[in-house]
Amino acid sequence: MNPLPNSRRQFIVNTAKATAAVTLASTILPSFAKDRATTNVGYTQQPLPYKYADLDIAIDALTMEIHYTKHAAGYTKNLTDACMAEKVNTQETTLENLLAKISKYSTKMRNNAGGHYNHEFFWQSMTPNGDATQPSKELLQQINNSFGSLEAFKTQFTDAGKNRFGSGWAWLIVNADKKLQITSSPNQDNPLMDISDVKGTPILGLDVWEHAYYLRYQNKRADYIQAWWKVVNWNVVNTKWNEAMRK
Ligand code: MN3
């Protein structure tokens, strides 16, 4: 004989499931949810949020494919190797925190932690529908305050990328005073690193290594940057700006 009516039994099953879910949420989910709730970059290469050919208005498909599967994937693999060799617990140390004390690690760690972070950040910051996105009202106000206008900001950021000698990145950051600032970094360095001359939280970054543009643009880096504005995902920049202001 069934000791419990069906509805009672189902209630117990549901309660057990709910309890299990609450237990799971309180034990496992905090770190997971934290990563998902922010635009933090993890240690693994994430799938591109678009196809290689989708950014063709600015970047051709072959460049995207080689850049993602060879250059960027190489940084990710070498970062994994460096973390193993230098005993970084990637479950406990966020990549952002590792970058903040990068001076304590090897040059291999610096180059590949930066290379992995910068590329994951870069992929996130682009979309085939860039023209459908724009700075939020609040961010636009800050851009106007800091640089005069959106166009003036783009010109100054473009100059930072154009004038970065050799390989590197141009950045828009939120600095310690919560102000917007344009900067650039050599190689795979970035403004999260303790060794960086200019420090802050990046909210937009542009890869100006030749591998990012040479097939289509050859020596014309300025043309690449001009086209790149069409694929900037301002929705992501808005989110990163909000997060940086709350830090
Ligand atoms: Mn690159």
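Since every read-out is calculated from the coordinates, none of them should be taken as a lab result. Quick caveat, the model's predicted, so the values are computed rather than measured. Cβ sites come from the backbone with ideal geometry, for glycine too, and all protein chains shown count toward neighbours.
How big is the Cα convex hull of segment 27-159 in projection, averaged over all directions, in nm²?
Numbers: hull surface 42.3 nm².
Average of the hull's projected areas for segment 27-159 equals 10.6 nm².
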* **Amide H contacts under 5 Å for I203, placed H, 5+ residues apart** => L172, I173, V174
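Taking neighbour Cβ counts within 10 Å as the exposure measure, how do S103, S167, S125 sort from fewest upward?
S103, S167, S125
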* Gain on full stretching of the segment that runs from E243 to T155 - 0.36 nm per residue minus C-alpha separation -> 29.2 nm
* **Where labels lie 7 Å past Cα in the beta-carbon direction, separation of K87 and N219 in nm** => 5.1 nm
* Provide S146, S196 in ascending order of the number of other Cβ atoms located within 10 Å of each residue's Cβ, fewest first. => S146, S196
* Structure fact -> Taking the square root of 5λ for each eigenvalue of the C-alpha gyration tensor of segment 106-173, the equivalent ellipsoid has semi-axes, largest first and in whole angstrom, of 26, 16, 11
* To do: Over all alpha-carbon pairs in segment 92-247, figure out the percentage whose distance exceeds 20 Å.
  => 47 percent
* Asked: What nm distance separates the two modelled labels at L62 and K162, each placed 7 Å from Cα along Cα→Cβ?
  -> 2.8 nm
* Measure up K104/K179; K178/K220; K51/K77; K87/K162 against 32 Å on the Cα-Cα distance and list the ones that go over. => K178/K220; K87/K162
* **Radius of gyration and maximum dimension Dmax of segment 154-212, Cα, Å** => 10.6, 34
* To do: Pop the C-beta distance of K101 and S146 into the FRET formula with R0 = 25 Å and round what comes out to the nearest 0.05.
  => 0.30
* **Distribution of pairwise C-alpha distances over segment 54-127, 10 Å bins, in %** => 18, 47, 23, 11, 0
